[in-house]
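J.: Questions regarding the structure given below will be posed in turn.
The values are calculated or read from the model by the stated rules, or taken from the named source; none is laboratory data. Here the structure is a predicted model, which means the values were calculated and not measured. Methodologically, a virtual Cβ is constructed for each residue, glycine included, from the backbone with ideal geometry; neighbour enumeration extends over all protein chains shown. For the accessible areas, the whole protein counts, side chains as well, though only heavy atoms, and no ligand, DNA or RNA atoms are used. Shrake-Rupley method; radii C 1.70, N 1.55, O 1.52, S 1.80 Å.
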Amino acid sequence: MKKYLLLFALLLGGVYSYGQDLDNIKKMLVLKQYEKARPEIDAFLSNPKNANNPEALYYKAYVYHSLGMLPTKPVAESKTLYIGAFDALQKYAQADPKTPLTTEEKNSTLYNTYYGFYDLGVKTYNEKNLAESFDLFKRALEVHDYIYDKKLPGADGMKFTTHDTDIVWNLAVLANELKNKNEAMVYYKKIADADLKDEKYATAYDELILKYKKEKNAELFAKYVAAAKKYYPIDMPYWENQEIEFALSGLEDEALLNKYEELTKTLPNNYAIFYNYAVEIDKFLNTAEATGKDIEGYKTRMENNFKKALALKSTIEVNLQLANMYYTKSFEIQEKILKIKGTKPAEVKVKNDLNASRKTALQEAIPYAEEAVKQLAALKTYKFTDKTNYKLAIEILANAYKINDNAVKAAEYEAKKAEVDKL
């Protein structure tokens, strides 16, 4: 309180240069008669010749901010008073760029106006008045940014940082609760651009990633994905999945496969890349677009990608895919065998070689099918697809052992089919 008494004592020497009205207003301020001073200062400034009077503008700010701080004032009135105080301080700085009055008081009126808005924001939030709380925090941020941009120090050398984290995050949360997506994005971006990495801010990065993914903005998408991967590595599979979806969006046929090939280089430890790449090759080979292409080359690439996925993570799906791939290969070989009708030595040799290849293909299917069966048997509950996969794996094993002359194993897996039906 002493600093304000000192302030007004220093200013009294200039009273008579502006007339009796301003002299009376100053005396009211010294006596803390703010309610009485308010209509007087408003009337003084309403006169066009006084509208830009620096001293009067400063005193208006002081009166309004002092009234706004009174605990008896309703929120709506305090808010109006703080708005008036901030407006008057800005006009004061324009009217007198040297700002001797605010400098003398170490910008206390301005800082207190900031805290006034902030406190009202907290109060209205606790009262569940979210829309009003949002507006009040937004106004507090406006004062903060004004103070920071103008490099205005407070008492005891107080300075605001570039980023008012608490208010910005409050605004992001409130905008989200108010379902104002566009406003929320403004504050999420402020959080992310400030390189904040607390766990609670992960939402900001996620929302920005989804926004720029939808907008197909490659530059900003890459920027926020990189930051998210840096600050939240525990969620790496999710961030990489967003990268994959962004990269593959709208692609099909060979363009899709070529992009997958690129992703295997940039994300060499991502199971989903290799697994889905192989699945997409399989799909491609069953389309008209594959006609005239290097089918065998694509089949080899599919096999290699399934095996790379398996090396990263052994799952039911990848084991079953590999088992089924070799199983399917055995049928393709069988079709070639059935087409050989002749009995000439050369034809017999080809047929024998194909039979050997068929057995080899089924032998290669066995370890993958057995691993799939092992993992399926360990499940606690079974969905329809689990039962279907279980039956397929058993069928592959029963036929593979039968063709490879292992009647005991073939019978074992034939018996398992009935067990699966009971699950």
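J.: Using the Cα centre of region 142-243 as the reference point, and only Cβ charges (+1 on K/R, -1 on D/E), how large is the resulting charge dipole? Debye, rounded to the nearest 20.
T.: Numbers: 16 positive and 19 negative charges, 59 e Å.
Roughly 280 debye, rounded to the nearest 20.
J.: Which of the aspartates and glutamates could a cross-linker bridge to Lys336, judged by Cα under 16 Å and excluding same-chain residues fewer than eight apart?
T.: Leaving aside aspartates and glutamates fewer than 8 places away in the same chain, those within reach of Lys336 are Glu296, Glu347, Asp353.
J.: Could I ask something else about it? What angle, in degrees between 0 and 90 and rounded to the nearest 10, separates the Cα long axis of helix 54-68 from the longest principal axis of the Cα atoms of the chain?
T.: 70
J.: Could you give the size of the charge dipole of the chain about its Cα centre, using +1 on the Cβ of each K and R and -1 on the Cβ of each D and E, expressed in debye and rounded to the nearest 20?
T.: Charge dipole of the chain: 520 debye, to the nearest 20.
J.: If R₀ is 45 angstrom, what is the calculated FRET efficiency for the pair Asp193 and Phe331, using the beta carbon separation as r and rounding to 0.05?
T.: Approximately 0.20, to the nearest 0.05.
J.: Helix 218-231: angle to the longest alpha-carbon principal axis of the chain, degrees 0 to 90, nearest 10?
T.: So the helix axis and the longest Cα principal axis differ by about 90 degrees.
J.: Under unit Cβ charges (Lys, Arg +1; Asp, Glu -1), what dipole magnitude, rounded to 20 debye, does region 264-423 have relative to its Cα centre?
T.: Numbers: 27 positive and 21 negative charges, 23 e Å.
Magnitude of the dipole: close to 120 debye.
J.: Quick one: compute the contact order of the chain, relative version, from alpha carbon pairs under 8 angstrom and 6+ residues apart, as a percent.
T.: 6
J.: What does the charge add up to near Met325, with Lys and Arg as +1, Asp and Glu as -1, over the other residues with Cβ less than 13 Å from its Cβ?
T.: -1
J.: Also, I was wondering about something else. Please label the shape of region 42-175 as rounded, prolate or oblate, based on the square roots a ≥ b ≥ c of the eigenvalues of the alpha-carbon gyration tensor (a/c under 1.5 means rounded; beyond that, a/b larger than b/c means prolate, else oblate).
T.: It comes out oblate by the Cα gyration axes.
J.: For the full complex of protein chains and a 1.4 angstrom probe, list Lys73, Lys380 by accessible area with the highest value first.
T.: Order by accessible area, largest first: Lys380, Lys73.
J.: Might you work out the accessible area of Trp239 for me, using a 1.4 Å probe with all protein chains in place, and round it to the nearest 10 Å²?
T.: Accessible surface of Trp239 is approximately 10 Å².
J.: Taking Lys49 as the anchor, which aspartates and glutamates have their alpha carbon closer than 19 Å to its alpha carbon, excluding any fewer than eight residues away along the same chain?
T.: In chain and number order, the partners are Asp21, Asp23, Glu40, Asp87, Asp96.
J.: Excluding Lys409 itself, calculate the net charge of residues whose Cβ lies under 12 Å from the Cβ of Lys409, where each Lys or Arg counts +1 and each Asp or Glu counts -1.
T.: On the way: positive: Lys402, Lys416; negative: Glu370, Asp405, Glu412, Glu414.
My count for the surroundings of Lys409 gives -2.
J.: Where a Cα-Cα gap under 19 Å defines reach, which aspartates and glutamates qualify for Lys229, not counting those fewer than 8 residues away within the same chain?
T.: List returned: Asp193, Asp195, Asp198, Glu199, Asp206, Glu207, Glu219, Glu240, Glu243, Glu245.
J.: Can you find, among Leu397, Val186, Ser46, the residue farthest towards the positive end of the dipole of the chain? Put +1 on the C-beta of Lys and Arg, -1 on that of Asp and Glu.
T.: The residue sitting farthest along the positive end of the dipole is Leu397.
J.: Note down the accessible area of Ser108, probe 1.4 Å, to the nearest 10 Å².
T.: Accessible area, nearest 10 Å²: 10 Å².
J.: Okay, next question. Given a 1.4 Å probe and every protein chain left where it sits, what share in percent of the accessible area of region 150-235 is carbon and sulfur?
T.: Working: 2510 of 4890 Å².
Carbon and sulfur: 51 percent of the exposed surface of region 150-235.
J.: Can you give me the % of accessible surface on region 237-303 that is carbon or sulfur? Probe 1.4 Å, all protein chains present, nothing else counted. Can you show the working numbers first?
T.: On the way: 1730 of 3600 Å².
Taking all protein chains in place, region 237-303 shows 48 percent carbon and sulfur surface.
J.: Of all accessible surface on region 329-380 at a 1.4 Å probe, what whole percent is carbon and sulfur?
T.: Using a 1.4 Å probe with all protein chains present, region 329-380 comes out at 57 percent carbon and sulfur.
J.: Classify the chain from the C-alpha gyration tensor, please: rounded if a/c falls under 1.5, else prolate or oblate depending on whether a/b exceeds b/c.
T.: Prolate, because a/c is 1.5 or more and a/b exceeds b/c.
J.: Can you check what the net charge comes to around Leu267, using other residues whose Cβ is under 10 Å from the Cβ of Leu267 (Lys, Arg +1; Asp, Glu -1)?
T.: -2
J.: Over region 296-377, with the other protein chains present, what is the accessible area per residue in square angstrom, probe 1.4 angstrom?
T.: Values: 4580 Å² over 82 residues.
On a per-residue basis, region 296-377 sits at 56 Å².
J.: Step through the table entries Lys26/Lys151; Lys27/Lys79; Lys189/Lys265; Lys91/Lys150; Lys79/Lys200, compare each Cα-Cα distance with 20 Å, and write down the pairs that go over it.
T.: Those over the limit are Lys26/Lys151; Lys27/Lys79; Lys189/Lys265; Lys79/Lys200.
J.: Here's a follow-up. In what order, largest first, do Val122, Val143 sit by accessible area if the probe radius is 1.4 Å?
T.: Largest accessible area first, the list is Val122, Val143.
J.: Sort out for me the Cα centre separation of region 348-364 from region 202-260, rounded to whole Å.
T.: 46
J.: Which pairs in the list Lys159/Lys230; Lys283/Lys383; Lys123/Lys213 are over 27 Å apart, alpha-carbon to alpha-carbon?
T.: Numbers: Lys159/Lys230 30 Å; Lys283/Lys383 24 Å; Lys123/Lys213 37 Å.
The answer is Lys159/Lys230; Lys123/Lys213.
J.: Which angle from 0 to 90°, rounded to the nearest 10, does the C-alpha axis of helix 181-193 make with the longest principal axis of the chain?
T.: 90
J.: Ok, one more. Please work out the FRET efficiency for the pair Asn180 and Lys422, using the Cβ-Cβ distance as r and a Förster radius of 41 Å; give the result to the nearest 0.05.
T.: 0.15
J.: So which of Lys313/Lys359; Lys179/Lys223; Lys190/Lys211; Lys181/Lys211; Lys138/Lys214 end up more than 19 Å apart by C-alpha?
T.: Checking Cα-Cα distances, Lys313/Lys359; Lys179/Lys223; Lys138/Lys214 exceed 19 Å.
J.: Let me ask another. First measure r as the distance between the Cβ atoms of Lys344 and Ala415, then evaluate 1/(1 + (r/R0)^6) with R0 = 30 Å and state the FRET efficiency to the nearest 0.05.
T.: Given R0 = 30 Å and the Cβ-Cβ separation, E is 0.10.
J.: For the charge dipole of region 54-203, defined by +1 on Lys and Arg C-beta atoms and -1 on Asp and Glu C-beta atoms about the Cα centroid, which residue among His144, Thr124, Met158 has the Cα displaced farthest towards the positive pole?
T.: Thr124
J.: Another question about this same structure. Please give, to one decimal in nm, the separation of the simple spin-label points placed at Leu70 and Glu252, each 7 Å out from Cα toward the Cβ.
T.: 7.2
J.: Along the charge dipole of region 229-345, which of Ala290, Pro233, Ser314 sits closest to the positive end, that is, farthest toward it, with unit charges on the beta carbon of Lys, Arg, Asp and Glu (+1, +1, -1, -1)?
T.: Ser314
J.: Another question, if that's okay. Along Cα→Cβ, 7 Å out, is where each label goes; now give me the distance between the ones at Lys259 and Ala288 in nm to one decimal.
T.: The modelled label-to-label distance comes out at 2.3 nm.
J.: If DNA, RNA and ligands are ignored and the probe is 1.4 Å, what is the ranking of His65, His163 by accessible area, most exposed first?
T.: Details: His65 5, His163 40 Å².
Largest to smallest exposure gives the sequence His163, His65.
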